[in-house]
Each structure stands twice: as structure tokens, then as C-alpha cells.
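Working notes, structure below.
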Amino acid sequence: MAEKRESLHGQWSGRWAFILAATGSAVGLGNIWKFPYITGENGGGAFVLVYLVCIAIIGIPIMIAEVMLGRRGRRSPLNTMRHLARDEQVSPHWQYLGWAGMIAGFLILSYYAVIAGWALAYFFRTAAGAFTGVTADGATSIFASLVSDPERLLAWHTIFMVMTIIVVARGVRSGLEKAVRYLMPALFVLLLVLVGYAMNTAAFDEGLSFLFTPDFHALFYKVDDAGVEHLTWGPVLVALGHAFFTLSLGMGAIMIYGSYLPERTSIVKTSMMIAGMDTLVALLAGMAIFPIVFANGLEAGSGPGLIFQTLPIAFGHMPAGAFFGSLFFLLLTFAAWTSAISLIEPAVTWMVENHGVNRIYASVWAGIATWLLGIVTILSFNKWAFSFEFAGQVKESGIFDMLDILTANIMLPLGGLFIALFAGWQMRRQSNLDELNMKDGVGFQVWYFLIRYVSPLAVALVFLNVIGVITL
Ligand code: PFF
């Protein structure tokens with residue numbers, strides 16, 4: 001057996017620290033901003049069901065594999081893959097998985113920080129009472145005026161990137177654990193408050209049935225301009241991609257957090273808990289948002305602005321709405337912050353390990369590069385906006401949408417596919433058993449079957465269908 005490695009960047013203080021940090025990475029804009037808007041665009045229930053199935057049979061097994069690889073390699077994802085490939089005597093090319101992950105993280109953070117900037121802007125707006133008594137039209141036009149102004153977007157994006165760089169430069173352990181321990185539960189409680197508000201709108205039942213009543217025909221068949229129906233797998237790819245995005249899988253973020261995990265912690269149990277909490281937060285966000293959408297005659301498929309156009313209406317009409325509203329957007333910013341940190345961490349640790357630079361230097365440079373690329377996203381909502389069609393949807397924010405599709409729907413599922421192939425087919429069965437601290441019983445066999453066959457085949461099938469190589 002290979003000798004045990006120690007992480008060069010420290011270790012979590014225990015199992016809970018890892019759970020909190022990984023949950024901090026998983027729970028973010030993906031749950032509260034992205035899940036509702038892509039669910040709205042893709043017609044609700046059937047999409048949600050496909051997403052839940054993806055989490056269960058692909059997301060959780062791959063999460064277990066990614067944490068396991070991280071803990072066994074104990075390095076930045078790139079070096080982890082290199083060491084593990086050597087231990088298992090397989091091709092050194094597996095290290096490119098680490099490269100692809102760093103690039104994906106960099107691309108995602110570039111737009112993620114811009115959206116996090118919106119949340120920050122909304123914190124101040126709500127606190128200032130801008131939404132008191134607001135109508136649906138009013139909320140929509142306040143949002144439109146924000147995104148049409150590149151300078152304001154740049155200011156918020158810059159503030160958010162600086163916040164991220166500061167934490168990453170100091171090392172992810174200090175501060176992060178504490179922030180997640182208190183702020184995540186607070187965000188959860190506020191979501192419950194919002195669901196409580198949604199229950200009192202006239203459209204709570206309508207919202208719930210939109211979210212939970214599947215209509216598979218509507219999901220799979222799109223009508224073209226000539227009025228003819230076509231089978232499309234696009235929405236399945238979006239659901240699959242979102243399962244990876246929301247769990248932070250496929251790019252090394254969870255791998256690097258796994259590399260700080262103490263020896264004896266159960267990877268299987270903790271992964272299931274993290275995925276469970278993440279899913280719960282997304283579903284609560286959906287339950288809060290769709291009743292407000294329907295009660296106010298808004299458009300469920302209105303795209304990335306959805307939560308910014310709906311939640312302010314709730315805050316504008318509930319007692320102490322300015323307080324709850326600003327607290328909500330503040331916590332959303334925190335949730336985005338703890339995710340942003342994990343997006344850049346693989347690249348920073350790699351620079352520290354391979355280029356002998358210190359953490360501060362590495363964080364600042366990685367941060368500046370990401371900040372620069374973020375400008376492209378900023379302009380996608382105004383000066384450079386153009387639209388195109390993807391998976392039966394008209395996407396209106398040009399390059400931003402392309403970056404999102406490229407990363408969430410292509411790079412992350414492919415990264416996950418290779419993680420599954422490495423754990424399932426390149427690592428010896430015994431190495432998997434050792435690192436997971438498991439006996440070769442039913443639990444292990446179920447996971448091993450999922451990781452060897454089900455997850456890779458499912459990802460490959462969706463891809464092949466979407467590119468039209470095979471059609472089921
Ligand atoms: N999981 C985060 C969210 O749902 O907001 C986003 C994310 C973080 C994606 C880290 C990927 C990642 F590696």
C-alpha cells in the first residue's frame with residue numbers, strides 16, 4: 001500500500017469542520033439563485049425530479065469518490081491525481097483532470113462573483129427600504145436598472161472578489177468554519193420565514209404543484225417554429241449539470257476539501273449529509289419563490305433575474321421586511337462567499353505547491369485574473385448582450401450564458417465522469433476499500449456498482465444524446 005501522505009496546507013479540526021466547509025461550498029447561489037430560475041425555465045416538476053435522481057445516483061456516489069481521492073492524495077487536485085496515478089501505476093495523464101478542474105473553477109468564479117455582487121447590492125437596497133410596498137413591475141425595473149449599468153456591477157463584483165481573496169489568502173480554515181457554523185443555520189431559518197410568507201399568498205398550491213407535479217411530455221418535447229414537436233435531451237443535461245454545480249463536484253473543490261479531512265471520518269455518511277442539506281435548501285428556495293411568482297403574475301422562466309424580481313416583493317410586504325430582506329441578502333452573500341472560496345482554492349494550492357509562491361501572492365494573482373474575466377460577464381447583461389437558443393430556451397445574456405453552459409453543463413459532468421472512471425476502474429478495489437474504511441459488504445458494493453457503471457454510463461448517455469450521436 002502507498003505510504004500515507006499529510007496535507008501541506010493543514011487539516012480540519014475534525015469531522016464537523018469538514019462538513020461545515022463542504023456544505024459552505026455546496027450551498028450557495030446554485031441553490032437559491034440558479035435552481036429556481038432553471039427550474040422555472042424548464043417547466044418545473046419533471047425537471048426537479050430528474051435533478052433529484054441525478055443527485056441520488058450520480059451526485060452522491062461521485063461526491064464520495066471525489067472526497068476519497070482528495071483524502072488519499074492530500075494535495076492540490078492536480079498533484080493529487082498525479083500521486084494517485086503513480087500509486088496505482090496508471091497513466092500520468094490523469095493529472096490533466098486537475099488542470100481541467102482549475103480552469104472550470106476559474107471560469108465559474110468569474111461569473112459567480114458578478115451574481116454574488118447582485119446579492120450584495122440587494123443587501124444595501126433592501127436595508128435602505130427600497131422595496132417597501134413594491135409592486136411586481138417596480139421590482140422588475142429596479143433589477144433591470146442594476147444590470148443595465150456596467151459600472152455599478154463592476155463595483156459590486158470588485159468588492160466581492162476582494163472579500164474572496166482576503167479569506168483565501170489567509171487560508172481557508174481560519175474564519176470559514178465559524179462563519180459557516182452560524183450563518184448557514186441562519187440562512188436556513190430565513191428561508192423558512194420566506195416559505196411561511198409564500199404560504200399566505202394566494203398561489204402557494206400553484207407554486208407547489210409547479211415544483212412537484214412532473215409533466216414529462218413538456219420536459220422532453222419542444223415545439224419548433226413550424227409547430228412540430230421534437231424530442232430533446234437538453235433539459236436533462238441542464239439537470240445533470242446542475243447536480244454537479246450545486247454539489248460543487250467535478251472540478252476539485254470537494255477534492256481539495258477532502259484533502260484536509262482527518263483519517264478516520266466516514267466519507268460516505270458525511271457526503272450523504274452534505275447532499276441532503278444542499279437539496280433541502282434548494283427545494284425550500286423553490287417553495288418560497290414560485291408561489292410569489294404566480295401570485296404576482298410573473299414569468300417563471302424569466303431567467304437569471306428571477307429571485308431578484310420576486311423575493312423583494314415578499315420583503316416589501318411582510319412586517320419588518322427591510323430587516324428580514326437585508327438579512328436574507330447578506331446571508332446569501334455569505335453563502336456565495338463560502339462557495340467562491342472553494343472555487344479558487346484548487347488553483348491557489350497548486351500555485352503554492354508547484355511554483356513555490358506564498359499563499360497571499362497566489363491568491364492575489366488568481367483573484368486578479370478572475371476579476372478581469374468577470375468583466376465579460378458584466379458586459380453580457382448590457383453592452384454585449386445577445387441571445388441564442390439552448391435546450392429549448394432563449395438565453396439572453398450571451399457570453400455569461402455560454403460560460404455557464406460550458407462549465408456547469410459540460411466541464412463539471414465530464415470532470416465527474418473521469419473521477420468516477422478513475423475511482424471505479426483505475427484504482428484497485430482494495431485502495432477504495434482502504435480509503436473509505438469500509439468492509440466489502442453491501443454498502444460498498446452498491447457504491448462500487450454506481451461508480452463503475454451507473455454514474456459514468458448515465459453521464460455518457462446524456463452527453464451522447466444531446467450531441468445527437470445516439471438517440472434513445
Ligand atoms: N456549489 C456552489 C453553489 O451551488 O452555489 C457553486 C460551486 C462551488 C460550484 C464550487 C462548483 C464548485 F466547485
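The accessible-area ordering, largest first, of the residues Arg181, Arg152, Arg264, Arg75 stands as Arg264, Arg181, Arg152, Arg75, per a 1.4 angstrom probe.
Peptides 55-62, 120-127 ranked from most to least packed, by the mean per-residue count of other Cβ atoms within 10 Å: 55-62, 120-127. On C-alpha positions alone, give me the angle between the axis of helix 15-26 and the longest principal axis of the chain, in degrees, nearest 10. The helix 15-26 is inclined about 50 degrees to the chain.
Heavy-atom surface analysis with a 1.4 Å probe gives the chain a carbon and sulfur content of 66 percent of its accessible area.
Among Glu6, Glu435, the sequence by solvent-accessible area, most first, with a 1.4 Å probe is Glu6, Glu435. Each label point was placed 7 Å from the Cα along the Cα-to-Cβ direction; for Asp440 and Phe390 their separation is 4.4 nm.
Find the relative contact order for the range 166-271 and round it to a whole percent, using C-alpha pairs within less than 8 Å whose residues are 6+ positions apart. With pairs under 8 Å counted, the relative contact order is 9 percent.
The spacing between the range 114-146 and the range 53-90, judged by their C-alpha centroids, is 41 Å. What aspartates and glutamates could a cross-link reach from Lys383, if we take a straight Cα to Cα line under 20 Å and drop same-chain neighbours fewer than 8 places away? Here the aspartates and glutamates satisfying the reach criterion relative to Lys383 are Asp149, Glu151, Glu396, Asp401, Asp404.
Residue ranges 14-25, 238-249, 138-149 sort as 238-249, 14-25, 138-149 when ordered by packing (mean number of other C-beta atoms within 10 Å per residue, highest first).
Relative contact order for the range 341-430: what is it in percent, counting Cα pairs under 8 Å that are at least 6 residues apart? List each step's numbers first, then the result.
Working: 45 pairs, mean separation 13.0, N = 90.
14 percent.
For the range 402-467, applying the loop criterion from DSSP together with a ceiling of 13 other beta carbons within 10 Å to the trypsin sites (Lys or Arg not before Pro) yields Arg428, Lys439. Over the chain, DSSP H runs of length four or greater, each weighted -39,500 (n - 2.57), average out per residue to a 222 nm ellipticity of -22000 deg cm²/dmol.
With contacts taken as Cα pairs under 8 Å at a separation of at least 6 residues, the range 209-344 carries a relative contact order of 17 percent.
Cα axis of helix 95-127 to longest principal axis of the chain: angle in degrees, 0 to 90, nearest 10? The angle comes out at about 30 degrees.
Mind checking the per residue accessible area of the chain for me, 1.4 Å probe, whole number of Å²?
Numbers: 17700 Å² over 472 residues.
Computed with neighbouring chains in place, this is 37 Å² per residue.
Too long at a 30 Å Cα-Cα cut-off: which of Lys4/Lys439; Lys269/Lys395; Lys34/Lys439? Please list the in-between numbers first.
Details: Lys4/Lys439 20 Å; Lys269/Lys395 38 Å; Lys34/Lys439 39 Å.
Violating the 30 Å Cα-Cα cut-off are Lys269/Lys395; Lys34/Lys439.
Taking 19 Å as the cut-off, the amide N atoms of the range 188-202 that come nearer than this to a point 7 Å along the Cα-to-beta-carbon line of Leu52 belong to 192, 195. Label-to-label distance for Trp425 and His93 is 1.2 nm, based on points extended 7 Å past Cα in the beta-carbon direction. Rounded to the nearest 0.05, what FRET efficiency do Ala127 and Tyr453 give with R0 = 60 Å and r taken as the Cβ-Cβ distance? Could you check? The formula returns an efficiency of 0.70 here. Between the range 267-295 and the range 337-406, the C-alpha centres lie 25 angstrom from each other. Compute the angle between helix 359-380 and the longest alpha-carbon principal axis of the chain, please, reported from 0 to 90 degrees and rounded to the nearest 10. Relative to the chain, helix 359-380 is tipped by roughly 40 degrees.
How would you classify the range 184-258 from its alpha-carbon gyration tensor, with a ≥ b ≥ c the square roots of the eigenvalues: rounded for a/c under 1.5, else prolate if a/b is greater than b/c, otherwise oblate? Provide the component values of the computation, followed by the final result.
Values: a/c = 4.02, a/b = 1.15, b/c = 3.49.
In terms of gyration-tensor shape, oblate.
With a Förster radius of 35 Å, plug the Cβ-Cβ distance of Ile375 and Phe212 into 1/(1 + (r/R0)^6) and report the FRET value to the nearest 0.05. Efficiency for this residue pair is about 0.35. In this simple spin-label model, placing a label point 7 Å from the Cα along the Cα-to-Cβ direction at both Leu461 and Asp149 gives a separation of 5.0 nm.
Does the range 210-332 classify as rounded, prolate or oblate by the C-alpha gyration tensor (a ≥ b ≥ c root eigenvalues; a/c under 1.5 gives rounded; else a/b over b/c gives prolate, otherwise oblate)? Verdict is oblate for the range 210-332. Largest first, the residues Lys4, Lys222 sort by 1.4 Å accessible area into Lys4, Lys222.
The values are calculated or read from the model by the stated rules, or taken from the named source; none is laboratory data. Everything numeric here is computed off the predicted structure, so don't read it as measured data. All Cβ positions, even for glycine, are placed from backbone atoms using ideal geometry, and neighbour counts span all protein chains on display. Note: areas computed on protein heavy atoms with side chains; ligands, DNA, RNA excluded. Shrake-Rupley method; radii C 1.70, N 1.55, O 1.52, S 1.80 Å.
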